[in-house]
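First up is the structure itself, then whatever we jot down about it.
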Amino acid sequence: MPMPRWLVIAAIVAAAGCGSSSSPNPPPPPPPPPPPPPPGGHSTTITVANFSFSPTPDSIAAGTITFHWEAAASTHNVTWQTGPGTLPAGSGNKAGGDPDYTANLTVGTYTFHCTIHPSQMTGTIVVH
């Protein structure tokens, strides 16, 4: 004798309910992406030549910056105009072939120029 239809339906529902009643936990969210690198990381050497400073503007990590006079460079200097705290001493007049000039810079924005060519030779360094 065939089973009543409602018994078949009840058996199917009961079998379906025998599985786990709790839903699985969702996976944890992925870790956040790493922070972007700080701006800059550019050259810590600025070339003095052709009546310009290159690169400028630039951004660098705190520390030493070097100014290098190209071999054919005429006489120029680095004179600090603005910056945080006490400004470094300037380079004095130098020409191509003279020793490099270095300065230690702390965090902040610095501006500089050549006093011989102040309208042509200006620069900015952002130190982070």
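The values are calculated or read from the model by the stated rules, or taken from the named source; none is laboratory data. None of these values were measured; they are calculated from a predicted model. In this analysis, Cβ positions are derived from the backbone assuming ideal geometry, glycine residues included, and neighbour counts consider all displayed protein chains. All accessible areas refer to the heavy atoms of the entire protein, side chains included, with ligands and DNA or RNA removed. Shrake-Rupley method; radii C 1.70, N 1.55, O 1.52, S 1.80 Å.
Per-structure values
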{"read-out": "Residues within region 39-73 that are touching an Asp or Glu at 6+ places or on another chain (Cβ under 6 Å), open to solvent by less than 50 Å² (accessible area, probe 1.4 Å) and not β-branched (Val, Ile, Thr), tallied", "value": "2"}
{"read-out": "So Thr82, is it at pLDDT 80 or above, closer than 21 Å to Thr122 by Cβ, open to solvent by 60 Å² or more (accessible area, probe 1.4 Å) and in contact with a strand residue (DSSP E or B) (Cβ under 6 Å, 6 or more places away or on another chain)", "value": "yes"}
{"read-out": "Filter result for the condition that a residue is modelled with pLDDT under 75 and exposed (fewer than 13 other Cβ atoms within 10 Å of the Cβ), over Val107, Val8", "value": "Val8"}
{"read-out": "Residue in region 111-118 that is farther than 15 Å from Thr66 by Cβ, open to solvent by less than 40 Å² (accessible area, probe 1.4 Å) and assigned to a strand (DSSP E or B) present", "value": "yes"}
